[in-house]
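Below you'll find the structure, written out as structure tokens, and then a few comments.
The values are calculated or read from the model by the stated rules, or taken from the named source; none is laboratory data. Here the structure is a predicted model, which is why all the values come from computation and not from measurement. For neighbour counting, all protein chains shown are included, and Cβ atoms are generated from backbone atoms with ideal geometry for every residue, glycine included. The accessibility values were calculated without ligands, DNA or RNA, using every heavy atom of the protein model including side chains. Shrake-Rupley method; radii C 1.70, N 1.55, O 1.52, S 1.80 Å.
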Amino acid sequence: MTPERLRAFCLEFNASVEEFPFGPETSVFKVLGKLFALTALDARPLTVNLKCDPDEAVRLREEHPAAIVPGWHMNKRHWNTVTVSDIPDKLLRELIEDSYDLVVAGLPKAERLKLDRP
């Protein structure tokens with residue numbers, strides 16, 4: 001997946017926005033103010049930090065040790081850093097969607113319902 005496609009996919013989700021709170025080189029994708037993906041789109045290799053269920057995070061790291069590692073500069077129990085070029089696009093899309101869904105699940109019910117993700 002290219003950086004452009006990664007950005008576009010992250011922005012497809014309801015109410016998702018791209019912000020730059022850490023400087024112009026770091027894209028932070030949020031839903032209603034809550035972070036679900038973080039990446040430096042011009043970095044090589046391209047990586048993205050994604051929220052993950054703790055048990056699932058461990059499983060993914062075991063299955064993809066070269067591509068998925070504990071989240072860099074994040075809570076390593078809940079975040080993974082994924083090397084984009086080392087996993088199939090389909091899996092990457094699933095991981096991004098899971099991250100978004102986990103963040104949305106933590107929002108108040110009224111906000112979740114507005115996003116069509118109860």
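Annotations
- Around R93: net Lys/Arg minus Asp/Glu count, Cβ-Cβ under 11 Å: -3
- Inter-centroid distance (Cα atoms) of region 57-86 relative to region 36-52, Å: 11 Å
- FRET efficiency for K90 and L113, using Cβ-Cβ distance with R0 set to 25 Å, rounded to 0.05: 0.30
- Computed from point charges on the beta carbon alone (+1 for Lys and Arg, -1 for Asp and Glu), the dipole magnitude for the chain about its Cα centre is near 300 Debye.
- Once both labels are positioned 7 Å from their Cα atoms along Cα-to-Cβ, the gap between E12 and A43 label points is 2.3 nm.
- Options L113, C10, C52, ranked by Cα towards positive dipole end of the chain, top entry (Cβ charges): L113
- Adding -39500 (n - 2.57) for every DSSP H run of four residues or longer, then dividing by how many residues the chain holds, sets the calculated 222 nm ellipticity at -10500 deg cm²/dmol.
- In the chain, the portion of solvent-accessible area held by carbon and sulfur atoms comes to 55 percent [1.4 Å probe, whole percent, DNA, RNA and ligands not counted].
- Per residue solvent-accessible surface (Å²) - the chain, probe of 1.4 Å: 55 Å²
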